[in-house]
Structure formats: C-alpha cells, structure tokens
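Working notes for the structure below.
We did not get these values from a lab; they are worked out from the coordinates using the rules stated. Everything numeric here is computed off the predicted structure, so don't read it as measured data. Because the Cβ atoms are built from the backbone with ideal geometry, glycine has one as well, and the counts that use them run over all protein chains shown.
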Amino acid sequence: MERSANEKYDIIIIGGGIYGIMLALESGFRNKRALLLERDDFGGATTFNHLRTLHGGLRYLQSMGLRRFFESVQERKWFFMHYPQLSEVLPCLMPLYGKGLHRNPILKVALLMNDFLSYKRNTFVIPERYLSSGQVVSAESTKKIFPNVEYEGLKGGAIWYDGTMSEHQRLVIEILHWACEMGATALNYVNVNGLLTQNNTTIGVKATEESGNKVDFFAPVVINATGPWSREIARSFDRDYPSLFVTRVLNWNILFKKKALSDHAIAVTPLKGAGHTYFIHNWKNRMLVGTGEELITDSHSNNFPTEQQIHLFIKDLNLAIPELSLGMDDIEHIYSGILPGTSKGKLAKREAIIRHKDHGGPKGFFSLSGVKFTTSRLVAEKTLNLIFPEILPKTPQFPAPSQGDQRNRAIYNYDWMPSGNDKKWLLILKQLIEDESVIHLDDLLFRRTSLGENSQRVSKILPQIRSLFTWTDLRWEREIDRIIHHTSPQEEK
C-alpha cells in the first residue's frame, strides 16, 4: 500500500470486477502502468453473480443485431484461445413445440445463419474447444438428450454450442495475474472516495483502506469502472450522467442441489407461465438456472430477489418441467447482481463510455458501464482507444500456463470432500492465501476457489482451514459470520 502511494501510475482504475480487470490488462498491452483499486474483493458483486456462460450471441440474430453478434463470437473465441483450461464448450438444447419463433424451420435457418456468420469461430482454437455446427433434431432425439422434457406437442429440438466457465472465479483471478505480469498493481479493500484535480485536470484519487487509513494515489487518467455504482461515482466526482445507468435491472440465477437434467444446457419456456425463457445450466452436474430479471428503482436498498420473486421463479420451472417438483429447500445459492437497463426496464444493449471533459468535467476522468461478461475485454479496448488514440496495443502474449496450471489445482468438483490424510489441498490454499491477497475467509472460499459453493462441504473443511490463518478466535468468528451471510440479502453499499 505504501509503495503504491509513493509511485506514479499512468492510469488508476476504480473497480475490480471483470471490466476493471480487463482495463488493467489492456493497459499493459499499451505499456501503461495501471493501478487497480477495488472497494471489496476482486471479482465480486455482479461479476461473481452470473450464469458462468460465454455467450456467442445467437440470440442477437433474432433482432438482426449483427454487430453485437460478431463482437460476441470474437470475444468468446478470445477466452477459448487464451484460457482453454478454464473455458469449455457448452452444448445447448431448446425443445421446440411449433409455436412462435420456436418452430423447426425457423430454428434451422437461425442455426445455419449462426454457423455461417461465425465460420471463423474455431480459427486458432485448440481442437478440444472447437464449436460444432448446430442442428435441429427429432422429438425422439430430444427426449434422449433431455429425458424430463414435456413430450406432449414436442416437435423436435434445436442444438447449438456455446462457451462456459466451470471455475469462473479462477478465470477472473488468472486474468488479473496476467494484468499484473503486464505491469499493473491491484489492491483490494481500498475504497476510492474522491477525485484529485488541479485546474479541472485529474491528478489522482483519494482513498481509504479497510483499516480506516487514508491514502492518495496519483495518475493523470482515472477510469470509473464500478459497475452498479458507476453513475453514483460519476455524480459524486463530477455530475450525473444518466446514460451510465438509465435504469437498474436486477438479475438473479439460482443453484439448486438437484443433479443436472442433461449433459446439455436446456432452454425452456413454461407453456402456461409468463413466457420467460429459462436456461438450465449443467454446472458441475448441478442445476444452475437463470436468469430472473426485474426492474428496480434507484432507492431500492436490497439487491436481492424477494421471496415472492423466488417462488415465481420456481413455479415457472415446475410448469416447464413438471417432474422437477422444485421447492425452496432445494436451493443451494442465489446469485444476484445489478446491470444497466433501458428506459423501458430491459437490459441495455450496449456499453456506455463517458469522457467527462467533453461535458465540462475534469480532463483525464472517464466512466464506463458494461452489460456482458463475454465482451468485457472489447469494451476495455474501446475505452483505452478513446483515451490513447495514438497508441496501438502490442500483440498480446499468452499468459504463462505453468504458473496458472499450478494455481488452478485448487479446482474441485461440486461433490469433492477431503479424505484421509490428504493435505495437498491445504497446501494449495495456503499458496493462494499468500499469493492472491486473501483478506477475508469468503475471498478464499468463493472468489479464489469454488469450495464455498457446496454448503455441506464448507462446514466440514472449516476446522481444517483454521490452521492456515493466524487470526484470533474473535476474528475467526467474524469471518465465519461473513460466510453464513454470503448469499443472504445484503444492504447496498
């Protein structure tokens, strides 16, 4: 902390979600030293609470949003090329009942267009990550892939291939490792609470550590990439920019304790429900289902779905697949986050990038808000092209695989439990604690590994993990309390 305060950086990035981390990485490609400051922990908030998918943009063909389609295909391939060990092919199936756009001939055309327009999707990708062509299969084949399908009226099924991240928290941290190898410095639990300026020109930021210690950091460029708080930060440091977050849309996904229904991810629409399509993701052989969506007001203080919304979510799933018989007791985790919406309360289609000096604000201060995890690197590239138009990014080298592979041995299956005298997993965790700025217990269990996703496992491993920390018993009890409330409704900060 002290060393960072005494150095000058080219860029200060506020916000350590996927957008801030990608900005730090892209800064390195331009030989710019970046300082990344995160109020809580890296990869938390909305970045943590998503469906673990890398979308190629098939749904954009419905509205002929070709630009968004091509961007999504390109950026999905970026993850496959640079992190093949942490990104995987996701086969998807949508049962077809001959209604609306979900008819066999229409889906055949859509899948042909998807494959034709993304014909370079496998270029420079290892064979294990090739995406096959989509197809429409018979009702009988659909039943074999998805035995729980509602068979009455079934006309067939549409199959396509997308991307997924079983260990998305490891992927986020590995990208952050790469950014730091490229010259960035990353500090978590540092709250930026002011912009430093001279003659309406940015010179740095004022910040406060978790301990309360106040620190100033210096750079001629400051980028506000704080996600749901980007409009609030822009208003506090300059003025209100509604385009950053016209409205706030709550998105949530639910991890159920039940086994996955298929090797494919399943897209289902309740025939008698609200008409909303749900995506039942096979995540580590468990049902991860999304996405619930609800417009909320700026004054909404609890960014978590209500009990009624959760009940309706489950009701819709039971209508779509009657054999499920899901109940509230089947819920393992609820992941919720805030994304920017339109004036009509729908998810925003594009990112928003603000150069504050264009509106009379401080020179060198920029704000952005993004929508998709998959296109976060591209948005970072666009932002830095705006800031440094004269600097072309150098061709990025690939992240060092050996170090990453060693760190990623912390990957565990959902049902994994420590057994016997095996202590290797504890040694891996000890290394992560030393190398990856683990400040709190939930940092380790949720945002450096996926150990915390299985609540039964957490209770069994906590006594063994205790020896890895030198905390007092009182501190340990407080850390346990953070774990207990990790997936409970949290007050907006």
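Between I484 and E2, the modelled labels are 3.8 nm apart [label points 7 Å from Cα along Cα→Cβ].
Taking the square root of 5 times each eigenvalue of the Cα gyration tensor, what semi-axes in Å does the equivalent ellipsoid of the range 238-397 have, largest first?
Values: eigenvalues 282, 80, 29 Å².
Rounded to whole Å, the semi-axes are 38, 20, 12.
Given K430/K460; K108/K155; K99/K120, which pairs have Cα atoms separated by over 20 Å? Pairs exceeding 20 Å: K99/K120. Packing, as the average of other Cβ atoms within 10 Å across residues, places the peptides 375-382, 26-33 in the order 375-382, 26-33, highest first.
Between L101 and M64, what is 0.36 nm times their sequence separation minus the Cα-Cα distance? Round to one decimal in nm. Difference between extended and current length: 11.9 nm. The packing ranking, built from the mean of other Cβ atoms within 10 Å per residue, places the peptides 220-232, 275-287 in the order 220-232, 275-287, highest first.
Using the charge dipole of the range 247-347 (Lys, Arg: +1 at Cβ; Asp, Glu: -1 at Cβ; taken about the Cα centre), state which of F304, V289, V268 has its Cα farthest towards the positive end. Of the candidates, V268 comes out farthest on the positive side.
The range 1-40 and the range 302-334 have Cα centres spaced 39 Å apart. When the Cα positions of Q62, V89, A219 are compared along the charge dipole of the chain, Q62 comes out farthest toward the positive end, with charges on each C-beta of Lys, Arg, Asp and Glu.
Restricting the range 77-177 to GluC sites (Glu not before Pro) that sit in a DSSP loop and have at most 13 other Cβ atoms within 10 Å of their own Cβ leaves E152. Among W78, I439, L426, flag the residue with its Cα farthest along the positive direction of the charge dipole of the chain, charges on Cβ as +1 for Lys/Arg and -1 for Asp/Glu. Positive-end residue among those listed: W78.
Using C-alpha pairs under 8 Å with a sequence gap of at least 6, the mean separation divided by the residue count of the range 247-347 gives a relative contact order of 43 percent.
Please report the relative contact order for the range 206-246, taking Cα pairs under 8 Å with a sequence separation of at least 6, and give it as a percent rounded to a whole number.
With pairs under 8 Å counted, the relative contact order is 23 percent.
Rg/Rh, computed from the Cα trace of the range 134-191 with Rh as the Kirkwood radius, has the value 1.39. Summary value for the chain: 19 percent relative contact order, contacts being C-alpha pairs under 8 angstrom separated by 6+ residues. The length gained by stretching the chain between Y119 and Q309 to full extension, at 0.36 nm per residue less their Cα-Cα distance, is 64.4 nm. A quarter of the convex hull surface defined by the alpha-carbon atoms of the range 1-92 gives 8.1 nm² as the mean projection. Between N318 and H276, the FRET efficiency estimated from the beta carbon spacing at R0 = 22 angstrom works out to 0.95.
Sorting the segments 452-461, 41-50, 418-427 by their mean number of nearby beta carbons within 10 angstrom, highest to lowest, gives 41-50, 452-461, 418-427. Mind checking the angle between helix 18-29 and the chain's longest principal axis? C-alpha axes, 0 to 90 degrees, to the nearest 10. Roughly 60 degrees, rounded to the nearest 10. For the chain, the longest principal axis of the Cα atoms and the long axis of helix 455-465 meet at an angle of about 40 degrees.
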